[in-house]
Amino acid sequence: MNVMSRYAGPIGESIVTDPVDGEAMPDGVAADGAAADGASAEINVAATKTDGLGCHAGAAEMKAAAQAAGKSELLERYAEDYPKGPHDQPQSMCPAFGSLRVGLRMRRTATILSGSACCVYGLTFVSHFYGARRTVGYVPFSSETLVTGKLFEDIRDAVYKLADPEHYDTIIITNLCVPTASGVPLDLLPNEINGVRIVGIDVPGFGVPTHAEAKDVLAGAMLEYARKEAELGPVQAPRGGRSERPTVTLLGEMFPADPVGINMMLEPLGLAAGPVVPTREWRELYAALDCEVVAAIHPFYKASIRQFDLAGRKTVGSAPVGHDGTETWLEAIGTACNVSRDKIDAAQNRFLPALTAALAATPSDARITVSGYEGSELLVARLLIESGARVPYVGTAVPRTPWSDLDREWLEAKGVRVQYRASLEQDFAAVDEFRPDLAIGTTPVVQKAKTMAIPSLYFTNLISARPLFGVAGAGSLAQVINAALANQARFDEMKEFFGDVGQGPGAGIWNDTPKDYPAFRDKYRKQIEAAAKKRKAEEMI
């Protein structure tokens, strides 16, 4: 049966082909939110009226539904790995974007989403906006297929049709919010079909707080699969062959030049940089597991670290950032790998003077606030401080873990306020409180700072997209920081020219000169306060 037929009308037989990689989605698997084909099917109207669960339902209702549908253990594990709070969760894009990006970057890997059409459209749009060059498969649902369990059959049919070992090593199928809340059991899918691995994950917005942590959901699931494969017998070697030196697996996405620089710093220790997790192809997972130690460059990958623990691998926190971070990190890596004292000293003596010189050559004398949702915010703050900047506040959307304690302790000793699970309101408040010379943050923070005539930089595109470690990191970051600081005169000139145009009562489009009416604001403020008191009183009854 056509897996799309219960959702969309007929649009003709087709095969959607990736314009870059030539990967094809067979009949029955839609691409980028479009149905693949579809002979119309009769809809059970009664079933569509009994669902009552959809994107419009609140997070609490969907979580309760998921628990009732047998997903309690999954949600409990997510709550332990990715704790929320002190508020509900940071304001961020749909978390499934993170896991989607990981799958789309991997060679010979097909990605399928199952969720509401609006969610799938948004996810595929933003993934292609950020440069994805792979087709995204889509298995939609109707109220009938959701209620009757037919959705799982549709997913299984789609996976079987797609499992072609000539094109794929792996198929990743992701449940979004509604299928997860409805208990669609991806764990009942076969582990492999025709030699193609099948990896099913749930990434609901009500269970995974941020898209950064969703990367760990998929990375952890793939590491678990690869670990069990390796336990059963020989597996594929890395594309370039096994390293002659013991390796250090690098956990967390990073700028492509950073692993090269880290490898240079590891060479005097007799070690080499291993794969970066999340990996770019399946066979790299085996090499990642076959390491001497794991470097948690991004310290929130708890599911991945659990798999490394089960494989008997140690994990070291922090990163070789700046002078102090590099000194401590080389010491920790060397100790974890039983490297001799003289080799550790040799590595430190070789790189630390060069780092000191690089930091001194490009100083940044400014007050800077840092916020973001990538997970490397604490590392960036460390490098800024060693470059001469004053950083009063660091906000990160990811949670506190044992592997970020070294960075947190170092920053707090310098007088920095570190806020894990930072809300947008907390990031805004930091800009208001400290009035920085430069604000580094997410898009809303950048927008707010610019309206205050404060130079600002978008963390993801302008900070994460450059090296952070070693001599290259010290010089690269200072260049973009100092260039942004140099724009202060331009902001002052624009602020003086435009004044308060477009602000407060002058916002919007006016035919006459706008006037402020404070009495109206006071009236409606009192009405809102009275309504809030009434609701609170009713709740207490």
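The values are calculated or read from the model by the stated rules, or taken from the named source; none is laboratory data. Computed from a predicted structure; not experimentally measured. Quick reminder, even Gly has a Cβ in these numbers, built from the backbone with ideal geometry, and neighbours come from all protein chains shown. Each accessible area value is taken on the protein alone, full model and side chains, heavy atoms only, with ligands, DNA and RNA left out. Shrake-Rupley method; radii C 1.70, N 1.55, O 1.52, S 1.80 Å.
Among the residues of segment 121-143, which ones are surrounded by 24 or more Cβ atoms within 10 Å (Cβ to Cβ) and more than 13 Å from G98 (Cα to Cα)? Result: T135, V136, G137, Y138, V139, F141.
Residues checked against (1) of a type outside the set (F, W, Y); (2) at pLDDT 85 or above:
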position	(1), (2)
F459	no, yes
V471	yes, yes
S476	yes, no
E493	yes, yes
G499	yes, no
G502	yes, no
R521	yes, no
K536	yes, no
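Looking only at residues of segment 333-359 that are of a type outside the set (V, I, T) and under 15 Å from V248 (Cα atoms), we find that the one that is most open to solvent (accessible area, probe 1.4 Å) is N338.
Assessment of segment 486-508 against the conditions (among the hydrophobic types (A, V, I, L, M, F, W, C), under 30 Å from D324 (Cβ atoms) and surrounded by fewer than 17 Cβ atoms within 10 Å (Cβ to Cβ)) yields at least one matching residue.
Within segment 318-365, being among the polar types (S, T, N, Q) and without any contact (Cβ under 8 Å) to a residue 60 or more places away in the chain holds for T335, N338, S340, Q348, N349, T356. Looking only at segment 363-396, residues that are over 16 Å from L468 (Cβ atoms), surrounded by 24 or more Cβ atoms within 10 Å (Cβ to Cβ) and at pLDDT below 95 come to 1 in all.
Restricting segment 419-449 to residues that are closer than 16 Å to H87 by Cα and touching a Lys or Arg at 6+ places or on another chain (Cβ under 8 Å) leaves a set whose member that is most open to solvent (accessible area, probe 1.4 Å) is F428. Between E244, E253, E284, the distinction of being open to solvent by 30 Å² or more (accessible area, probe 1.4 Å), assigned to a helix (DSSP H, G or I) and either out of contact with any His (no Cβ under 6 Å at 6 or more places or on another chain) or at pLDDT below 95 (or both) belongs to E284 only.
Of the helices (runs of 4 or more DSSP H) contained entirely in segment 121-182, those carrying at least 2 residues that are more than 26 Å from the chain's Cα centre (by Cα) and within 23 Å of C94 (Cβ to Cβ) fall at 143-148, 150-162. Exactly one residue out of A230, A214, A219, A226 is in contact with a Gly (Cβ under 9 Å, 6 or more places away or on another chain), of a type outside the set (V, I, T) and either assigned to a helix (DSSP H, G or I) or modelled with pLDDT of 95 or more (or both): that is A214.
Results for (1) farther than 18 Å from I173 by Cβ; (2) modelled with pLDDT under 90; (3) touching a strand residue (DSSP E or B) at 6+ places or on another chain (Cβ under 9 Å), shown as yes or no for each residue.
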{"position": "A24", "(1), (2), (3)": "no, yes, yes"}
{"position": "D27", "(1), (2), (3)": "no, yes, no"}
{"position": "E42", "(1), (2), (3)": "yes, yes, no"}
{"position": "G52", "(1), (2), (3)": "yes, yes, no"}
{"position": "K63", "(1), (2), (3)": "yes, yes, no"}
{"position": "E73", "(1), (2), (3)": "yes, no, no"}
{"position": "K84", "(1), (2), (3)": "yes, yes, no"}
{"position": "S99", "(1), (2), (3)": "no, no, yes"}
{"position": "F129", "(1), (2), (3)": "yes, yes, no"}
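Residues in segment 256-276 that are buried (at least 24 other Cβ atoms within 10 Å of the Cβ) and free of Cβ contacts under 8 Å to residues at least 24 places away in the same chain: none. Look through A439, A449 and report the one residue that is within 23 Å of V321 (Cα to Cα) and of a type in the set (A, V, I, L, M, F, W, C). Residue meeting the stated conditions: A439. Given the structure, is D290 among the acidic types (D, E) and within 22 Å of P234 (Cβ to Cβ)? Considered against the rule, which asks whether it is among the acidic types (D, E) and within 22 Å of P234 (Cβ to Cβ), D290 comes out as yes. When segment 520-541 is limited to residues that are of a type outside the set (D, E, K, R) and open to solvent by 70 Å² or more (accessible area, probe 1.4 Å), the one that is nearest to the chain's Cα centre (by Cα) turns out to be I528.
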